[in-house]
Amino acid sequence: MYLKELIISSYSEVIRKIEFHLGANLIVDETIGKTDLETGNNIGKTTVLALIDYCLGGDAEQIYIDPETKKEIVNVKNYLVGNEVQITLVLKENLVVESSNEIVIKRNFLQRNKKIMSVNGVNLPKNKGKDFEKKLDLLLVGEREILKPSIRQLFAHYIRYQNNKINNTLKILNTFTTNIEYETLHLFMFGLPVSDRSHLNTKLKGEQEYKKRLEKQRSKTELELQLDIVKNNIAVLEKRKNKLNINENYKQELEELNDLKYRVSIVSSRIGELSLREQLLIETETELKSDMSEINLPELREIYKTAKKNISNIQTTFEQLVEYHNKMILEKIRFVTQDIPKIRSLIEDHNRTLSEFLNREKQLSRKISTSDTFQDLEEIISELTKAYQRVGELESGIKQLETVDTNIKQLNEEIELLDGDRFSDEFQKRLLNKLKDFNVIFTEVSKHLYGEQYGLSFIIKEDKKTKQSYYQFESFNANTSSGKKQGEIICFDIAYILFARKNGLPHLNFILNDKKELMHGNQLKRVSKFAKDKEIQLVFSILKDKLPNELNSSEHIVLRLSDQDKLFRIERKS
């Protein structure tokens, strides 16, 4: 699919209509007097890329949240909501063939029954946007049972306006993305879709950590040997007890007491197990809270000022980075601690049960103590009580470890089942051939555009915690020269489109990039011409004074912005 047009409209007028073509589609900041220290972010050139991303399932906040300060731009949000601004994105299968299929996507910034998330005229705002995303997945990716990798993950490398995507070739998802998720994504991209197992690995890590904590106290073998000794002691005590002359009622009451003691130990052990789980969650919460920055800001501010004098392009303040970091930690804390109330409720229930058992135990003990033979049995009863309590503790500890082992075994079996032949010699050979095919294209593109020869490789690594294997993909420079990261990234994105076309894989025919001031003018011209020759769209935002004269024309520029004419033209409404 290609970009045909992007329309920004309100309830009363069309604010912008941007038409796209093959080759370079430049969004230019023409603000007079713009310096290298001024990025032009406030006029909306980056927002154009964010709006296209928004129509492809992105978050509304990316439109009105400042990417540097992470603060809401109130006047922009109020304008989008108050004027009922609607974004329309039209994708077309072939820009040259007028009759080719089109996908019309519309989104606004309203909520509830006024919310618009439509695809080809069908509004899909329900299910927290999942229906909308599923429809886009069907149209852009095709029929598939499991939507993993997600369409947002699959098309992330086409839309690069956030720092992690601008500066990384392959690791372009959020910081919480696991190696297993990246494996699933990259294998799918190269035509080798596999079952997603990231959720199982998350569970496996939790169970292995729990087992590690339990075994720090005592191993299963040690528990079993101790249990055998205690049971032998009970057998000896029972023989001694049976030789005593005890009336019938007394024996029944004594057995009831022993059984009660056993139940007390089981409930106590269960309380201990739950308390351990609660403690683990609280420790995790404490660790996360300790990650929240409590640095001496006044002292570091002086260091930051000194650094800022030496590094002129620092734009984000230290306090802002601290605030954003702390927000992410708070979200982790919320996720980690959500089970604590349930655990505490269970502990309270068991404590009530334990209290009832202890009261009954007290009653029975008093009743037995009135027996004429109690003095003879006192020592044996005391020892048996302790022994039965110990049996309960040991059996509970063994059961905990057995349960964890069973869970780990089941999870490993499920992961192994999902892996299938993922790590077989045959699969690795197929993957190697796919990468060889891709690298032929990748090296040709990079050599033509940058005089470098970039390629991709893979290695099989092992997760330190779960011990599960996974594929990790890495880029390399065959010329062993330093190269440039920006060049590697644009070459990868172009090469992947050509590779996907050749192999019939789902793909987009456009690339969105921000901050093309980092690309040399000659390379920008060469990339633009190459993309047009290969029928690829490049949508780049750039400052006018960084734009080569050959590209400063309506043939290449689709939108000109400035301080006097910003994207949403809010200033004209005030």
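Odds and ends about this structure:
- Spherically averaged projected area of the convex hull of Cα atoms, region 471-569: 9.1 nm².
- Average accessible area per residue (Å²) across the chain - probe 1.4 Å, nucleic acids and ligands excluded: 53
- Long-range tail of P(r) for region 161-231 (Cα pairs > 22 Å, %): 52
- For the chain, size of Cβ-based charge dipole, Lys and Arg +1, Asp and Glu -1, in debye: 1140
- Simple spin-label estimate for residue 330 and residue 554 gives 5.0 nm between the two label positions (7 Å along the Cα-to-Cβ direction from each Cα).
- Between residue 110 and 116, the built amide H atoms are under 5 Å apart, and every one of these is 5 or more places off in sequence or on another chain.
- Chain lengthening between residue 59 and residue 502 when straightened (0.36 nm per residue, less Cα-Cα): 156.3 nm
- Here region 430-574 carries DSSP beta bridges of which approximately 70% are antiparallel, counting only pairs with both residues inside.
- Mean sequence separation of contacting Cα pairs (under 8 Å, at least six apart), scaled by the length of region 46-171, corresponds to a relative contact order of 18 percent.
- Seen against the Cα atoms of the chain and their longest principal axis, helix 425-450 is set at about 30 degrees.
- Between residue 98 and residue 218, the modelled labels are 8.5 nm apart [label points 7 Å from Cα along Cα→Cβ].
- When peptides 215-228, 107-120 are sorted by average Cβ neighbour count within 10 Å, with the highest value leading, the order is 107-120, 215-228.
- Counted by Cβ distance under 13 Å from residue 347, the other residues give a net charge of 0, where Lys and Arg count +1 and Asp and Glu count -1.
- Charge tally in the Cβ shell below 11 Å around residue 397, where Lys, Arg are +1 and Asp, Glu are -1, residue 397 excluded: -3
- Taken as Cα centroids, region 268-284 and region 420-460 sit 48 Å apart, rounded to the nearest whole angstrom.
- Stokes-Einstein D in µm²/s, Kirkwood radius over Cα pairs - region 122-281 at 10 °C with 1.306 mPa s viscosity: 72
- Accessible surface of the chain [probe 1.4 Å, protein heavy atoms]: carbon and sulfur percent: 48
- Extension gain, residue 365 back to residue 236 (0.36 nm per residue minus Cα-Cα distance, nm): 44.2 nm
- The local environment of residue 55, defined by Cβ-Cβ distances under 13 Å, has a net charge of +1 under the rule Lys, Arg +1 and Asp, Glu -1.
- Helix 45-55 and the longest principal axis of the Cα set of the chain meet at an angle near 60°.
- Cross-link table 106/529; 171/502; 216/409; 4/525; 135/171, entries beyond 29 Å C-alpha to C-alpha: 106/529
- Mean Cβ count within 10 Å, highest first, over the residues of peptides 158-167, 553-562, 356-365: 158-167, 553-562, 356-365
- With the convex hull of the Cα atoms taken as the outline of region 506-551, the averaged projected area works out to 3.3 nm².
- Distance between the 7 Å Cα→Cβ label points at residue 66 and residue 462: 4.9 nm.
- Rounded to the nearest 500, the 222 nm mean residue ellipticity of the chain from helices alone is -18500 deg cm²/dmol, with -39,500 (n - 2.57) taken per DSSP H run of at least 4 residues.
- Hull shadow area, averaged, the chain [alpha-carbon convex hull, nm²]: 37.0
- Segment residue 286..residue 448, full-extension length gain: 53.0 nm, with 0.36 nm per residue of separation and the alpha-carbon distance subtracted.
- Rounded to the nearest 10 degrees, the inclination of helix 130-140 to the longest alpha-carbon principal axis of the chain is 50 degrees.
- Taking every DSSP bridge with both residues inside the chain, close to 65 percent are antiparallel.
- Violating pairs (Cα-Cα greater than 25 angstrom) within the set 148/461; 203/289; 17/327; 220/464: 17/327
- Normalised alpha carbon radius of gyration of region 1-158 [divisor 2.2 N^0.38 Å]: 1.10
- The three principal axes of the C-alpha atoms in region 48-107 carry coordinate ranges of 43, 25, 16 Å, sorted with the longest axis first.
The values are calculated or read from the model by the stated rules, or taken from the named source; none is laboratory data. Quick caveat, the model's predicted, so the values are computed rather than measured. Please note: Cβ atoms are built from the backbone with ideal geometry, for glycine as well, and neighbour counts cover all protein chains shown. Note: accessible area is taken over every heavy atom of the protein model, side chains too, but ligands, DNA and RNA are not part of it. Shrake-Rupley method; radii C 1.70, N 1.55, O 1.52, S 1.80 Å.
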